[in-house]
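The values are calculated or read from the model by the stated rules, or taken from the named source; none is laboratory data. Computed from a prediction, not measured in an experiment: that's the story for all the values here. Cβ atoms come from the backbone with ideal geometry, glycine included; neighbour counts cover every protein chain shown. Accessible surface areas use protein heavy atoms only, side chains included; no ligands, DNA or RNA. Shrake-Rupley method; radii C 1.70, N 1.55, O 1.52, S 1.80 Å.
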Amino acid sequence: MFSPENKFSDWNVCGFNNQKAQIFENLESTHSLMKEQARAGLVQPGALIVANCQVAGRGRHERTWASPANKNLYFNLLLPLDGIPPASFAQITQIAALTFSEVFQAMGANVTVKWPNDILFEKSKFCGILAEIVFLPGAKPALNMGVGINVNSDPSEYEFLGRAVTTLKAITGKSINREVLLRGLVASLERALGQFKAFGISPWVQAWRKMDKFIGARGTVVVNNHCTDENHNSGEGATKKSGCILDMQPDGSLLFKTDDGETLTVYSADLEI
């Protein structure tokens, strides 16, 4: 994992079932390209697109995902949904976050997963996951999952975002071979999805409870959040409820008690801590 890295154009990485990845030195967005190719039938579930640099990388709610060249990982996987009920589609990004966190922990990074799928070191984010359902020709659904990981960059490069951000290099104190890391992440997720089909989300809920540092802590649930980089502090367009984080429930939802005494089951929202 900490070995010298090959030149990006020489990377040998694959998606699921050993599908050869598409490698791009520069892209606007791996997420947008995967979406276009999936709708046109140019890729099949299991496909992987990787960029060395993005000029228009985005996270949730169109927030900027800074994507400098030669330092980080920016990739999209087209995940197969065969054998997974539609009601469980949203749980896949939680499975991904918990699976990736295990890979990072094996590297010596003491990370945790903030519900629903943000991977943090202390309270600083370094890995984001964005996903949406896309329909291939014939109306076959797949999950277009984009992942951005701050690997070998420096936290100071993200000060302009006005948010707490870190990197794996800053956490571990070592430069990381991005190619080796990506191989490990894809292989681990492929195994995890097979287990998810067999056992559901329950094993990952138990893993999250063991690693999580937020249960019992105060937080704010942000519902219908349309915040952007420009208004994320004001919360314009969002409904916010502050209170206490009680638990992650067996179906992956968040149990949250508001300051006015209401207990909420939250299926989709942002959680601020």
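Hey, does region 116-134 have a residue that's open to solvent by less than 10 Å² (accessible area, probe 1.4 Å), over 20 Å from Q54 (Cα atoms) and at pLDDT 95 or above?
yes
Which numbered condition trips up V50, out of (1) β-branched (V, I, T); (2) modelled with pLDDT of 95 or more; (3) assigned to a loop (DSSP other than H, G, I, E, B)?
Single failed check for V50: (3).
What tally of residues in region 239-273 results from selecting those that are charged (D, E, K, R) and within 22 Å of I119 (Cβ to Cβ)?
Here the count works out to 4.
Identify all residues within region 163-177 that are open to solvent by 10 Å² or more (accessible area, probe 1.4 Å) and touching a helix residue (DSSP H, G or I) at 6+ places or on another chain (Cβ under 7 Å); write none if there are none.
Hits for region 163-177 are V165, T166, A170, S175.
Go over the candidates A90, A106, A96, A69 one by one and state the one that is surrounded by fewer than 17 Cβ atoms within 10 Å (Cβ to Cβ), under 19 Å from the mean Cα position of the chain (by Cα) and closer than 30 Å to G162 by Cα.
Of A90, A106, A96, A69, the one residue that is surrounded by fewer than 17 Cβ atoms within 10 Å (Cβ to Cβ), under 19 Å from the mean Cα position of the chain (by Cα) and closer than 30 Å to G162 by Cα is A106.
Based on what the data block shows, is S153 polar (S, T, N, Q) and open to solvent by 10 Å² or more (accessible area, probe 1.4 Å)?
Spelling it out, it is not the case that S153 is polar (S, T, N, Q) and open to solvent by 10 Å² or more (accessible area, probe 1.4 Å).
Determine whether K123 is touching a residue at least 60 places away in the same chain (Cβ under 8 Å) and of a type in the set (D, E, K, R).
When the stated conditions are applied, K123 passes them.
Of all residues in region 7-45, count the ones that are surrounded by 16 or more Cβ atoms within 10 Å (Cβ to Cβ) and part of a helix (DSSP H, G or I).
10
Does V180 fit the bill of being open to solvent by 20 Å² or more (accessible area, probe 1.4 Å), closer than 30 Å to I23 by Cβ, at pLDDT below 95 and within 19 Å of the chain's Cα centre (by Cα)?
Spelling it out, it is not the case that V180 is open to solvent by 20 Å² or more (accessible area, probe 1.4 Å), closer than 30 Å to I23 by Cβ, at pLDDT below 95 and within 19 Å of the chain's Cα centre (by Cα).
Of the residues S153, S88, which is of a type in the set (G, A, S) and farther than 20 Å from F196 by Cα? I'd like the intermediate steps shown before the answer.
Working: S88 fails: farther than 20 Å from F196 by Cα.
Only one candidate qualifies: S153.
I need the full set of residues from region 135-150 which are touching a Pro at 6+ places or on another chain (Cβ under 7 Å) and open to solvent by 10 Å² or more (accessible area, probe 1.4 Å), in order please. Spell out the reasoning first.
Keep residues of region 135-150 that are touching a Pro at 6+ places or on another chain (Cβ under 7 Å), which gives 135, 142.
Answer for region 135-150, where residues must be touching a Pro at 6+ places or on another chain (Cβ under 7 Å) and open to solvent by 10 Å² or more (accessible area, probe 1.4 Å): just F135.
In region 136-169, which residues are in a helix (DSSP H, G or I), touching a residue at least 24 places away in the same chain (Cβ under 8 Å) and under 15 Å from A109 (Cα atoms)?
L168 - this is the single residue of region 136-169 that is in a helix (DSSP H, G or I), touching a residue at least 24 places away in the same chain (Cβ under 8 Å) and under 15 Å from A109 (Cα atoms).
Residue by residue through region 245-273, note down the ones that are polar (S, T, N, Q) and over 28 Å from K197 (Cβ atoms).
Of everything in region 245-273, those that are polar (S, T, N, Q) and over 28 Å from K197 (Cβ atoms) turn out to be T258, T263.
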